[in-house]
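Okay, structure first, notes after.
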Amino acid sequence: MIKLVAIDLDGTLLNGEHIISDENKEAIKKAKEQGVKVVLCTGRPLLGMILYLEELNLRESGDYGITYNGGLVQRTDTGEVLSKKTLTKVEIEEIFELSKKINLPCNFIDLEKIYEPPYPQGRDSLYPTVMTALPYIPIVMEEMSSDIAINKTVFCYTQNLLDEAIKNIPAYFYEKYTIMKSRPILLELMPKNVDKGTGIAVLADLLGFEASEVMSLGDEANDAAMIEYAGIGVAMGNATNEIKAMAQYITKTNEEHGVAHAIHKFVLNQ
């Protein structure tokens, strides 16, 4: 029996217009009424999904969210952090040096702010077009506090130039950090061993659930770990071929209420 449903946002729960369909809302409502934990699992900060949580009535006591691609597990009603992994000042400086070498703009994100270090000339970050929930704060690297704690860093730029630059990231960085694309124009760097699968595993353990009692739904590379972890890993009909290949089930697309379809099939048994 499924006790926890973990759902990615962009390309999964949200359609192309960033809207949750009535069909998806109703399926999630029914699952919650049956006592199933429904958890949004995203690369966004909690503030970046508050409106969706409220729309789904998922900000009550006993509701949880997995943010920053698994870097944080939080209560959605209070924001209380139950588990977190962050980047240190030394690591942030190292990633900033990388950004200069591969000529890409980068941003650092904590719980409340998005930091803007100096961008390469003529290459401003596109992240403000992706994330609008947090304020953008310029930062002078030499003046950065020694106890700063960053949840993730991002490289956000045009797809062709981003993909070319990715080829120049040294293998060392992949050994030291978790690195993945969450959108065609967005590359994310997080502490090692941070991914949506580990975030869900932490929450499941806190709740006393087994992996076999978890269903996860996603569409992109940053959803791979949670698809692999869950007893039922569901790929969206619009998912990448990689995600489809590792899933136990392929549901309908995000434009066809694929989340609702999977919930009805595996949770509501309808």
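Pairing residues of region 95-107 that are of a type in the set (Lys, Arg) with residues that are at pLDDT 95 or above, at Cβ distances under 8 Å and at least 6 apart in sequence or on separate chains, gives Lys100/Pro120; Lys101/Asn168.
Under the condition of being of a type in the set (A, V, I, L, M), part of a loop (DSSP other than H, G, I, E, B) and open to solvent by less than 10 Å² (accessible area, probe 1.4 Å), the residues counted in region 66-116 number 1. Is it the case that some residue within region 245-262 is out of contact with any Gly (no Cβ under 9 Å at 6 or more places or on another chain) and either among the hydroxyl-bearing types (Ser, Thr, Tyr) or not in a helix (DSSP H, G or I) (or both)? Yes: region 245-262 contains one or more residues that are out of contact with any Gly (no Cβ under 9 Å at 6 or more places or on another chain) and either among the hydroxyl-bearing types (Ser, Thr, Tyr) or not in a helix (DSSP H, G or I) (or both). Quick check on my filter: what residues within region 125-166 are within 16 Å of Pro105 (Cα to Cα), among the charged types (D, E, K, R) and open to solvent by 30 Å² or more (accessible area, probe 1.4 Å)? Result: Asp163, Glu164. From the list Glu33, Glu55, Glu60, Glu23, the lone residue that is at pLDDT 95 or above, more than 23 Å from Gly208 (Cβ to Cβ) and surrounded by fewer than 15 Cβ atoms within 10 Å (Cβ to Cβ) is Glu55. Scanning region 47-77 for residues that are within 13 Å of Asp8 (Cα to Cα) and aliphatic (A, V, I, L, M) yields Met49, Leu53, Ile66. One residue alone among Ser182, Ser145 is in contact with a helix residue (DSSP H, G or I) (Cβ under 9 Å, 6 or more places away or on another chain) and assigned to a loop (DSSP other than H, G, I, E, B), and that residue is Ser145.
The values are calculated or read from the model by the stated rules, or taken from the named source; none is laboratory data. What you see is a predicted model; the values in this text were computed from it and never measured. Heads up, the Cβs are rebuilt from the backbone with ideal geometry, glycines too, and the neighbour counts pull from every protein chain shown. Protein only, heavy atoms only, side chains kept; ligands, DNA and RNA dropped before computing areas. Shrake-Rupley method; radii C 1.70, N 1.55, O 1.52, S 1.80 Å.
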